[in-house]
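Coordinate-derived values only; no laboratory data. Being a predicted model, the structure only gives us computed values, none of them experimental. As a convention, Cβ positions derive from the backbone with ideal geometry for all residues, glycine included, and neighbour counts pool all protein chains shown.
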Number of protein chains: 2
Amino acid sequence: MHHFVTIKDIARELNVSVSTVSRAMRDTHDISIETKKKVLAKAEELNYKPNFNARGLSQGRTNNIGIIIPFITNYYFSTVITGIQNVAYSNGYNIILYVTDDSEERESQIVRNLTISGLDGILISTCAGNYDHIKEIKENGIPIVFFDRTSDLHGTKVMQDDYNGALIATKHLIEQGYSKIAHITGPKDQMFTRNRLNGYLDALKEHQISVKKEWIIHSGFSQEWGEKDMIELLASNHAPDALFAVNDRKAIGAMLALKKEKINIGTEIGVVGFTNDPMCTIISPSLTTVSESAFDIGRISCELLLKHIKKVNFPPQEVILPGELIVRESTVRN
Amino acid sequence: MHHFVTIKDIARELNVSVSTVSRAMRDTHDISIETKKKVLAKAEELNYKPNFNARGLSQGRTNNIGIIIPFITNYYFSTVITGIQNVAYSNGYNIILYVTDDSEERESQIVRNLTISGLDGILISTCAGNYDHIKEIKENGIPIVFFDRTSDLHGTKVMQDDYNGALIATKHLIEQGYSKIAHITGPKDQMFTRNRLNGYLDALKEHQISVKKEWIIHSGFSQEWGEKDMIELLASNHAPDALFAVNDRKAIGAMLALKKEKINIGTEIGVVGFTNDPMCTIISPSLTTVSESAFDIGRISCELLLKHIKKVNFPPQEVILPGELIVRESTVRN
DNA sequence: TTGTAGGCGTTATCAT
DNA sequence: ATGATAACGCCTACAA
């Protein structure tokens, strides 16, 4: 390992004490302007870089925050991270990334191994149905913010309005004249999944439209699952004439299945997704969807986390960002 | 700030010295099996977590590696990160993410502020044309691995075979009967951009096909730029009958422009991209492309970095992963 | 096998 | 305004 320049080196060269150097580096007021200048010049000359380990050790903080997230290989999550990154970076925080691969076990393992003292705070989009591992670290007093996939634990949460998004999406289908509306979604034990399901159900109830049990399919979140679910729907005795998918990826999977079957999307079957992934405008016909403010979710989550870090007992908050229906070709008859 | 359990606490409770506890935690051999058991049990009981700052400070390392990357919001980079994450995690390393937003200035700022002692090594996909900032940290002796967008500095690099990929892509267009082949690409000062350009040029040269100057357009890497470039090509006096784009996003932008103009892709104009982004199979007609092993790039880069970290003077290596032509509808006449 | 003591680089608390 | 000095939590000789 190399030897890096330390404040000691600077102190020695300048014949001052380390505390003086430290003061200059931290820009405190109890130091003369000339010595400060002198020190900073020497630091620049020697290419001094502060040692975060030492600083963290003596201050009890690290300037690192952790992000725990199911995936990063999709538009939504990678955009959230970008939002987080922006805020973190401009506040002098580093972000440490943990990817759970949507595995409860992995998430629990990561959280438990989290050397708590190495992080000033945590941002998490949990994939778990059980929150014991999170409770543990919460009890340790480490600030934590839930985003997107939140838990039912008490705490600060930032999410989109899943219920209303699903509501307006489903109502839009109804208004476009579709009436046999299916919903393909993810596992039952996720909160956002339940919220979107409820929005869908309430929209139908409000319009007194009945649902067949086989129109609601729980599976995974990927495009492949969307394709499979659609094939299953087409094979059922009561084929639907519209589809509300829990996210754009599944909607797109379903559309690919429909295109294979030469079923006219829009005219024969309406399709709505959720997220507003750029893929919506690439697929043809373009996909109607509910937009999510991924970047803002990241930005706001991080801002709230920093507030928790800086102020003990900052009160927990729940922020819900509205979605917006974006009508495209997949729900228009032609 | 909270007080976390330290080895001192454990030592006191057990009436042993801190070094004994330290030894137990590190699983060294010079400790009796019973005391080790005793210590570990107590650590478990008190929910002890090691303090990485302290450990890092005394050992001169942190188990953190940095990733510096232009973006994360696209398939390629997010997949690379996933590959890196996998290797890092299973070796007990954390990854700290820095996003440059494709800005040279930002990259330089990040690198210069990098509190060097806080990282054991760095993985970088540089967006810069000038490498002074990187030279600086290299001279500090910190291990560094370049991936994807490498520099011409000496060091370990992991990249795809850009030249050959471009060569086979262009040859494929020629073999399909296209002859007026344009190339839309990124800034001139990037190495991988130059390599792909050279592959394209050499393929044409080999087949004695001439190129018009206006068929080569340098702009940005985004879908929007692809669209703009295509519009420019269509407006030129010598409209091409085929297009090789530096990446899939630009190819897709170009395809959208063509679709707007009702130009039949495949029959009237062939299009090839580069990356094999999932979008290739979502757009219609599907996009012929050259595949990149994004996950492997990440995996291998991280493995090499860890070798550099663990073994001083591990010799620099250059790994070049082959690409593969994936023929789809966009280069087939119908 | 175990304990003691010094040090890692920085900050913070005293003096001066 | 500046300087000594003791933390911070852990590791590592060296001693016992």
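Could you calculate the contour length gain from A:Val312 to A:Asp27, that is, 0.36 nm times the residue separation minus the distance between their Cα atoms, to one decimal place in nm?
On the way: separation 285, 0.36 × 285 = 102.60 nm, distance 2.48 nm.
Length difference between fully extended and current span is 100.1 nm.
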Quotient of Cα Rg and 2.2 N^0.38 Å for segment B:248-334, N being how many residues it contains:
1.52
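Using DSSP, restrict attention to beta bridges with both residues in the protein assembly as shown and report what percent are antiparallel, rounded to the nearest 5. If you can, show how the numbers build up before the last one.
Details: 9 of 75 bridges.
The antiparallel proportion sits near 10 percent.
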Residue-by-residue Karplus 3J(HN,Hα) for segment A:55-67, coefficients 6.51, -1.76, 1.60, Hz, glycine and proline x:
4, x, 4, 6, 9, x, 8, 10, 6, 10, 10, x, 10
Could you please rank A:Leu114, A:Leu153, A:Leu243, placing first whichever residue has the fewest other Cβ atoms within 10 Å of its Cβ?
A:Leu153, A:Leu114, A:Leu243
Whole-Hz ³J(HN,Hα) from phi, Karplus 6.51 cos²θ - 1.76 cosθ + 1.60, for segment A:157-162, glycine and proline x:
9, 10, 8, 8, 7, 5
Taking a label point 7 Å out from Cα toward Cβ, give me the nm distances from B:Ile33 to the same spot in the other copies, shortest first, one decimal.
7.1
What nm distances, shortest first, do you get from the label point of A:Leu234 to those in the other copies when the point sits 7 angstrom along Cα to Cβ?
3.1
Between their Cα atoms, which of A:Lys37/B:Lys135; B:Lys8/B:Lys42; A:Lys8/A:Lys49; B:Lys205/B:Lys259 are more than 22 Å away from each other?
A:Lys37/B:Lys135; B:Lys205/B:Lys259
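Take every DSSP beta bridge whose two residues both sit in chain A, then give the antiparallel share in percent to the nearest 5. Please list the in-between numbers first.
Numbers: 3 of 36 bridges.
In chain A, approximately 10 percent of DSSP beta bridges are antiparallel ones.
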Starting from the Cα coordinates of the protein assembly as shown, work out the convex hull volume and express it per residue in Å³.
185 Å³
Would you grab the residues whose amide H sits under 5 Å from the one on A:Ile216? Only those 5+ places off in sequence or on another chain, please, with H modelled 1.01 Å from N.
A:His183
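Exposure proxy check: B:His29, B:His207, B:His154, A:His218 ranked by fewest other beta carbons within 10 Å? Display every interim value, and only then the final one.
Numbers: B:His29 5, B:His207 13, B:His154 8, A:His218 17.
Going from sparsest to densest Cβ surroundings: B:His29, B:His154, B:His207, A:His218.
Within segment A:246-294, list the trypsin sites (Lys or Arg not before Pro) lying in a DSSP loop whose Cβ has at most 11 other Cβ atoms in a 10 Å radius. Working shown, then result.
Numbers: sites: A:Arg249, A:Lys250, A:Lys259, A:Lys260, A:Lys262; in loops: A:Lys262.
Qualifying residues, ordered by number: A:Lys262.
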Computed over the Cα atoms, what is the radius of gyration of chain A divided by 2.2 N^0.38 Å, N being its residue count?
1.28
Which cross-chain or sequence-distant (5 or more) residues have an amide H under 5 Å from the amide H of B:Gln160, H modelled 1.01 Å from N in plane?
B:Asp148, B:Leu321
Residue by residue through segment B:217-223, which ³J(HN,Hα) values in whole Hz follow from phi under the Karplus form 6.51 cos²θ - 1.76 cosθ + 1.60 (θ = phi - 60°), with glycine and proline marked x?
10, 9, 8, x, 9, 7, 4
Principal axis box of segment A:7-50, alpha-carbon based, largest edge first, Å:
23, 17, 16
Skipping prolines and chain starts, which residues have an amide H placed within reach, meaning under 5 Å, of the one on A:Gly121, given they are 5 or more residues away or on another chain?
A:Gly66
Teacher prompt: A:Gln109 distances to equivalent labels in other copies, 7 Å Cα→Cβ, nm
3.9
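Going by how many other Cβ atoms sit within 10 Å of their own, how do B:Phe274, B:Phe4 line up, fewest first? Spell out each step's value before the answer.
Details: B:Phe274 27, B:Phe4 19.
Going from sparsest to densest Cβ surroundings: B:Phe4, B:Phe274.
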Could you work out, residue by residue across B:78-90, how many beta carbons of other chains sit within 10 Å of that residue's beta carbon, and then give the average as an integer?
3
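Please report the relative contact order for chain B, taking Cα pairs under 8 Å with a sequence separation of at least 6, and give it as a percent rounded to a whole number.
Working: 634 pairs, mean separation 57.2, N = 334.
Across chain B, relative contact order equals 17 percent.
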